[in-house]
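Colleague: Below you'll find the structure I mean.
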Amino acid sequence: MTTAITSKEVKQTNLPKEKTSILKDKFIQVDRKDAKLALAHMYVAFTALLVGGLAGLLQVFVRSGAFELPFGIGYYQVLTVHGVLLGLILTTYFILGFQLAAVSRTAGPLSNTQRKLGWIGFWLMVVGTIAAATMVLLNEASVLYTFYAPLQAHWIFYAGLALVVVGSWIEGFAQIMRYAQWRKENKGQTSPLLAFMAVVNNLMWFVASLGVAVEVLFQLLPWSLGFVERIDVLLSRTLFWYFGHALVYFWLLPAYMIWYVVIPKVISGKLFSDALARLSFMLFLLFSVPVGVHHQLTEPGIDGFWKFLQVVLTFFVIVPSLMTAFSMFATFELRGRELGGKGVLGWFRQLPWKDSRFLVPFIGMVAFIPGGAGGIVNASYQMNQLIHNTIWVTGHFHLTVATAVVLTYFGAAFWLIPHLTGRKLTSKMNSLANTSGILWAVGMFIMSGAMHLAGLLGAPRRSEYSTYGGSEQAAEWITYQFAQAIGGTILFISILLIIGVVINLIWFAPKGEEEFPIAEAAAGGGKTPAILENFKVWGVILVALILIAYTFPIFDIISNSPAGSKGFKFW
Ligand code: HAS
C-alpha cells in the first residue's frame, strides 16, 4: 500500500493547481489505522448479510406453504433474524464504516482520541449485537426488527440494542469531531462535501434515535424486567416511529453520498452542483424526523389533524429525493454528451456499463424510481388504508432499502474494501460483481413485484402461512407466494456471489491500489452559500418542526391513557 499523502503534504509539493488535484485523486488513501477500523465494520456487515440472507431464503420458502422449518425453529424467530441482521446490523455497520473512511479520506486522518472513540463505539456495538443475537437465537426475542409492544423480548435483547445505539452515537461523535477540527483549521472555507454529508447523517441519527432510546429505557426495559406490569402501547409505537422513519433516511443518505460524490467520478464526470447536494441533505435533516406518524395512519388514538400534518411534511421529504434524481440525470447526461452521445437518449449508451462500481449502484437508482413511487402511495392518506399491513409494504421496502440502498453499498464495497486492504478489484471479480447485481435485479423484480401484487389483493405481511393457508383468499395469493420463493432464491444466489467477491477483496485479490473516487463539482455550479453549513440555523428549524409535529399527539396519548390521566407516566 502506498503511504497516504495528507492535504498538507500535497500543498508542500508546490505543484501547479491542476497537477495537485491529479496527485490527490490518484494517491490519497484512507489512513492505515482508520482503514483498519473501517474494515472491522465491513467484516460484521457482510457476515450479517450472509446469515440474514439465509434467514430470508427460509422465510420465502415458509411463506410459499411448501416448506416447514425444522428443529422447532419458529417463523417469527427467522423473521426477526432476517429483519434485525439485514435492516439494523448490515446497514448500521456499513454506514459507520463507510462514513468513517469517507471523513478520514476527505477531512484527513482521525486523531488518536477520535480513533479511540471510534473503536470504543465499535466494540460496544459488537457486544450489543452479540447479546441481542443470542436472545433471538434462543427464541427469547422473536419480536421482529420493529420490536413493537405488546410483543415482549428478554431484557438482554433490549439492552443489547441500546448498546448498539450508544456505540453508534460514540462513533458518530468521533466523525463530527474530525469535521469540526477541519473547519477550525480551514476557517471560512467550504468543507469537503462527503465529510459534511456524514455529519448531517450523524446529526439526524442522534436526533431520531432519542425516540427509540426513550422507548427502550422508560418502557420496554422496565416492562421486560417485570418492574411494571403494563406499558402504553400507542406511546411506544409513536416513539418508535419518531425514530423509525428517520432510520430509513439514515440508511438512504450514505447511498446518496455515493450517488452524489462517488458515481460522478467513477464515470469520469463532475458533480452537478455542490450547493444542491448540501441543500438536499439539509432538507433531509429537517424533514426526516417529524413524519413518523405516516406509519400509524390507521391507528386510533392519534387525532386526524396531526396525521394530516405529518402527511404534508412527508410530501416535503420527497423533495430532496426529486432533487437528487434531477442531479443524477444531469450528471449522467452531461458526461454522456461529453463522450459524444447525440440525440435525446444517445448519452445513455456512453455510460460505463461494464464497471461494477457504476452498474451495481445504477441498478439501485433505477429500483428507487418505483420504490419511491410506492412510498408516495403509502404516504397518501386514503391509499394507505388499502396497503397498510399488507405485503405491499414489504415489497416497497425491498425496493428501497433492500435494492436501492444495499446495491449502492455493495457497489461501493467493491472499491472501498480493496482500497482499505491495499488490493485491486480484478476484471474477473468485476464481472462476478456485475453478475451479482443483475441477478439481484431479476430476483428482486420477481419477488418484490409479487409482493406488491399480492398486497393489492390483501395478502397480509408478517403472517405465518398456517394462520391463513387453506382459506379462500390464500388460494388467490399462493401463485404470488411461489413467485416470491423463486425471486428469493435468485437473490440468495446473488448474495453468495457478493460474499465470494468480498472474501476475494479482503484476502485474495492481488496487491495494488484501488481509488477512493471523489468527484469535483462542475465549473458552472457557482459558490456554495455559507448558510448551508450553518448548523445552528437548521437546528432551530428542526427542533421547531419536531415540537409542532409531536408535542400535541404525545400529550394527547399520555393524557388519554388510563395511567396518564393519573399523572405523567410511560405505562
Ligand atoms: Fe418507505 C413504509 C413512505 C422512502 C423504507 N418504508 C416503509 C417501511 C420501510 C420503508 C422499511 O407513508 C416499512 C416499515 C415497517 O416495517 O412497517 N417511504 C415513504 C415515502 C418515501 C419512502 C414517502 N422508505 C423509503 C426509503 C426507505 C423506506 C428511502 C428505505 C431506505 N414508507 C412510507 C410509508 C410507509 C412506509 C407511508 C408506511 C406504510 C404502512 O402503512 O405501513 C420517499 O422518501 C420516497 C421518495 C423517493 C422518490 C424517488 C426518487 C428517485 C431517485 C432515483 C433516480 C434514478 C436515477 C437513475 C437517476 C421520489 C432519486 C437513472 C435512471 C434511468 C432510467 C436513466
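Colleague: Beyond 13 Å, what share of the Cα-Cα pairs of region 476-521 remains, rounded to the nearest whole percent?
Modeller: Above the 13 Å cut-off, region 476-521 has 71 percent of its Cα pairs.
Colleague: Among 80, 324, which comes first, then next, by fewest other beta-carbon atoms within 10 Å?
Modeller: Sorted ascending by nearby Cβ count, the order is 324, 80.
Colleague: On to the next question. In the neighborhood of residue 173, defined by Cβ-to-Cβ distances under 13 Å, what is the net charge if each Lys or Arg adds +1 and each Asp or Glu adds -1?
Modeller: Computed value for this residue: +2.
Colleague: Provide the gained length on full extension for the span residue 322 to residue 471, in nm with one decimal, where the gain is 0.36 nm per separating residue minus the Cα-Cα distance.
Modeller: Result: 49.4 nm gained on full extension.
Colleague: How are the C-alpha pair distances of region 251-395 spread across 10 Å bins, as whole percents from the shortest bin up?
Modeller: Once binned at 10 Å, the Cα pair distances of region 251-395 give 10, 34, 29, 18, 7, 1.
Colleague: Among 466, 559, 502, which residue has its Cα furthest toward the positive end of the charge dipole of the chain, with +1 on Lys/Arg Cβ and -1 on Asp/Glu Cβ?
Modeller: Of 466, 559, 502, it is 502.
Colleague: In a shell of Cβ-Cβ distance under 11 Å around residue 258, excluding residue 258 itself, what net charge do Lys and Arg (+1) and Asp and Glu (-1) give?
Modeller: Within the 11 Å Cβ shell, the charges total +2.
Colleague: Is it possible to state the helix-based mean residue ellipticity at 222 nm for the chain, with each DSSP H run of 4+ residues giving -39500 (n - 2.57), the sum divided by total residues, to the nearest 500 deg cm²/dmol? What is it?
Modeller: -22500 deg cm²/dmol
Colleague: Still on this structure, please answer the following. May I ask for the net charge around residue 39, where only other residues with Cβ less than 15 Å from the Cβ of residue 39 are counted and Lys, Arg are +1 while Asp, Glu are -1?
Modeller: The answer is +2.
Colleague: Measure of size requested: the Rg and Dmax of the chain, with Cα atoms as the atom set and Å as the unit; please supply both.
Modeller: 23.5, 77
Colleague: If you don't mind, another one. What does the charge dipole of region 169-260 about its Cα centre add up to, to the nearest 20 debye, if the Cβ of each Lys and Arg holds +1 and the Cβ of each Asp and Glu holds -1?
Modeller: 360
Colleague: Rounding to the nearest 20 debye, state how big the charge dipole of the chain is about its Cα centre with +1 on each Lys and Arg Cβ and -1 on each Asp and Glu Cβ.
Modeller: Charge dipole of the chain: 1880 debye, to the nearest 20.
Colleague: If you don't mind, there's one more thing I want to ask. Over the C-alpha atoms of region 367-513, what are the Rg and the largest Cα-to-Cα span, Dmax, in Å?
Modeller: 18.5, 60
Colleague: If you wrap a convex hull around the Cα atoms of region 435-571, how much volume per residue is inside, in Å³?
Modeller: Normalising the Cα hull of region 435-571 by residue number yields 319 Å³.
Colleague: Here is a further query. What list do you get for 453, 425 if you sort them by fewest beta carbons within 10 Å?
Modeller: Fewest-to-most ranking of 453, 425: 453, 425.
Colleague: Which distance in nm do the two modelled labels at residue 187 and residue 531 give, with both placed 7 Å along the Cα-to-Cβ direction?
Modeller: Label at residue 187, label at residue 531, 2.4 nm between them.
Colleague: In nm, to one decimal, how far is the residue 127 label point from the residue 47 one, both placed 7 Å along Cα→Cβ?
Modeller: So the label points at residue 127 and residue 47 sit 1.7 nm apart.
Colleague: Sticking with this one: How much of the calculated P(r) for region 260-304 lies past 13 Å, in percent of all Cα pairs?
Modeller: Cα-Cα pairs of region 260-304 separated by over 13 Å account for 67 percent.
Colleague: Need one number for region 67-147: average projected area of the convex hull over its C-alpha atoms, nm².
Modeller: Taking the Cα atoms of region 67-147, their convex hull projects to 6.6 nm² on average.
Colleague: Another question about this same structure. Ranked by Cβ crowding within 10 angstrom, fewest neighbours first, how are 354, 307, 536 ordered?
Modeller: 536, 354, 307
Colleague: What FRET efficiency do you get for residue 551 and residue 339 if R0 is 51 Å and r is their Cβ-Cβ distance, rounded to the nearest 0.05?
Modeller: 0.40
Colleague: If r is the Cβ-Cβ distance from residue 148 to residue 496 and R0 is 41 Å, what FRET efficiency results, to the nearest 0.05?
Modeller: Once rounded, the FRET efficiency stands at 0.80.
Colleague: Rounded to the nearest 0.05, what FRET efficiency is calculated for residue 73 and residue 435 with R0 set to 45 Å and r the Cβ-Cβ distance?
Modeller: 0.90
Colleague: Can you give the translational diffusion coefficient of region 20-117 in µm²/s, computed by Stokes-Einstein from the Kirkwood radius over Cα pairs at 25 °C and 0.890 mPa s?
Modeller: D = 155 µm²/s.
Coordinate-derived values only; no laboratory data. Small disclaimer: the values here were computed from a predicted structure and weren't measured. When we count neighbours, we look across all protein chains shown, and the Cβ atoms used for this are built from the backbone with ideal geometry, even at glycine.
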